[in-house]
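Asker: First the structure, then my questions, so here it is.
The values are calculated or read from the model by the stated rules, or taken from the named source; none is laboratory data. Quantities reported herein were computed from a predicted structural model and do not represent experimental measurements. Cβ placement follows ideal geometry from the backbone for every residue including glycine, while neighbour counts extend to all protein chains displayed.
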Amino acid sequence: MKKILVPTDFSEEAEFAYEFAYEMAKKSKSSITLLNPHYS
């Protein structure tokens, strides 16, 4: 993996998903992109 896309609505649940993605990105040296569908 080189890129991880994390959809978010900035809720508490989405924060947990981001933390999980962050740990995956650290291990695989990937980048993270946050996506908020309300602003895209």
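Asker: Those residues that are free of Cβ contacts under 8 Å to residues at least 12 places away in the same chain and of a type in the set (S, T, N, Q), I need them from the chain; list them, please. Give the steps one after another, and end with the answer.
Answerer: Filtering the chain for residues free of Cβ contacts under 8 Å to residues at least 12 places away in the same chain gives 11-17, 19-20, 22-23, 26-27, 29, 39-40.
Selection gives Ser11, Ser40.
For (1) modelled with pLDDT of 95 or more; (2) in a loop (DSSP other than H, G, I, E, B); (3) of a type in the set (D, E, K, R), each residue gets a yes or a no:
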position: Met1; (1), (2), (3): no, yes, no
position: Ile4; (1), (2), (3): yes, no, no
position: Asp9; (1), (2), (3): no, yes, yes
position: Ala14; (1), (2), (3): no, no, no
position: Ala17; (1), (2), (3): no, no, no
position: Ala21; (1), (2), (3): yes, no, no
position: Lys27; (1), (2), (3): yes, no, yes
position: Leu34; (1), (2), (3): no, no, no
position: Tyr39; (1), (2), (3): no, yes, no
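Asker: Considering only residues that are among the basic types (Lys, Arg) and at positive phi, which ones fall in the chain? If you could, list the steps in order and put the result at the bottom.
Answerer: Initially, the chain is screened for residues among the basic types (Lys, Arg), giving 2-3, 26-27, 29.
Once the filter is applied, which keeps residues that are among the basic types (Lys, Arg) and at positive phi, the chain yields only Lys29.
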